Amino acid sequence: MMRSALWLLALRFHAAFANNLPPEMMSSAVGKKPTRLAKSEPYIKCDTCKIAAREAWTQVEAKAKRLPAGKLGEVEVGEVLDSLCDSDDDLGEWLTFYDVVQKEDGDVLTLDKKDSVGECRRECNTMVHICRAVFDEYREDMTEMLFKHYRPADSHSKSPSKGKLNEEKFVSRVCTKLSKSCPAKTPPKGFKHKDEHWVPVFDEEGYKMRRMQHAINKAAKEGGTQPVQFLDPMGAGMFGNEDDEDL
């Protein structure tokens, strides 16, 4: 109850200062992401790309079914792709379901899917980074492929475009031909992944605030208004201050 009241005070006072947050308050910023596991990233890049590409295919297909016939354009496809690599977005929540697993030092790294939403910690944020790198660089190619597949057959051509592309071909083009994320790389002998235990969402209030902040800032971006930055009144949060392995 006390934390809820403090949240409301934090929202009212701090939302207006998103672009002027003092450095000493950054550790309390809602949505602050942990550093990624850069050394492990190359060894999960292929699997992450494949899962992300399948999510893109599935979510665009779902949007095409929801919209009236002929209303799915490149803008609508692009909106889906823009959201799929953000773990705070409904479309990007899939990222929190995965745990990176290595059975023994030097073994391959695999992605184990859990049954519920998890906290997006370092392993999750590594997947976020991979997803964004691929989608940002090849967004136009992906948008064009998906749009041409789902547009009405007589929209731009007399011959049907639907059916020429399927999910597996799309995944292969994105992850093998375009981004070169696949085939997967094998870790060198003795490589040890810096493992962390996957955990389900345990801070319900913090989870709700991250989602609320994301929704507000997404609308702000679309409307050309200023973003907000909420602060957690209870302190620095759960991730600590690990140094990025890239540094």
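The values are calculated or read from the model by the stated rules, or taken from the named source; none is laboratory data. Please read these numbers as outputs of a predicted model, since none were measured by experiment. Backbone-built Cβ (ideal geometry, glycine too); neighbour counts: all protein chains shown. Each accessible area value is taken on the protein alone, full model and side chains, heavy atoms only, with ligands, DNA and RNA left out. Shrake-Rupley method; radii C 1.70, N 1.55, O 1.52, S 1.80 Å.
Quick one: how many residues across the range 54-77 are surrounded by fewer than 17 Cβ atoms within 10 Å (Cβ to Cβ) and either part of a loop (DSSP other than H, G, I, E, B) or not charged (D, E, K, R) (or both)?
9
Given the options C85, C124, name the one that is open to solvent by less than 30 Å² (accessible area, probe 1.4 Å) and not in a helix (DSSP H, G or I).
Step by step, each of C85, C124 is checked, and only C85 is open to solvent by less than 30 Å² (accessible area, probe 1.4 Å) and not in a helix (DSSP H, G or I).
List pairs: first in the range 67-94 and more than 26 Å from D112 (Cβ to Cβ), second of a type in the set (G, A, S) and part of a helix (DSSP H, G or I), Cβ under 7 Å, 6+ apart or cross-chain?
From the range 67-94, the pairs are L72/A64.
Which residues, counting only those in the range 187-228, are at pLDDT 80 or above, in contact with a helix residue (DSSP H, G or I) (Cβ under 7 Å, 6 or more places away or on another chain) and either farther than 19 Å from D90 by Cα or not in a helix (DSSP H, G or I) (or both)?
P187, E196, V201, Q226, P227
Name every residue in the range 148-183 that is among the hydrophobic types (A, V, I, L, M, F, W, C) and at pLDDT 95 or above, in order of residue number.
Across the range 148-183, the qualifying residues are F170, V171, V174, C175, L178, C182.
Tell me which residues, restricted to the range 33-73, are under 17 Å from the mean Cα position of the chain (by Cα), farther than 17 Å from L146 by Cβ, of a type in the set (K, R) and at pLDDT 90 or above.
R36, K45
Return the residue satisfying two criteria in turn: it lies in the range 95-121 and is buried (at least 18 other Cβ atoms within 10 Å of the Cβ) and of a type in the set (S, T, Y), and of such residues it is farthest from K50 (Cα to Cα).
By that ranking, first place goes to T96.
Say whether the condition of being open to solvent by less than 50 Å² (accessible area, probe 1.4 Å) and polar (S, T, N, Q) is met by at least one residue in the range 167-179.
Yes, some residue in the range 167-179 is open to solvent by less than 50 Å² (accessible area, probe 1.4 Å) and polar (S, T, N, Q).
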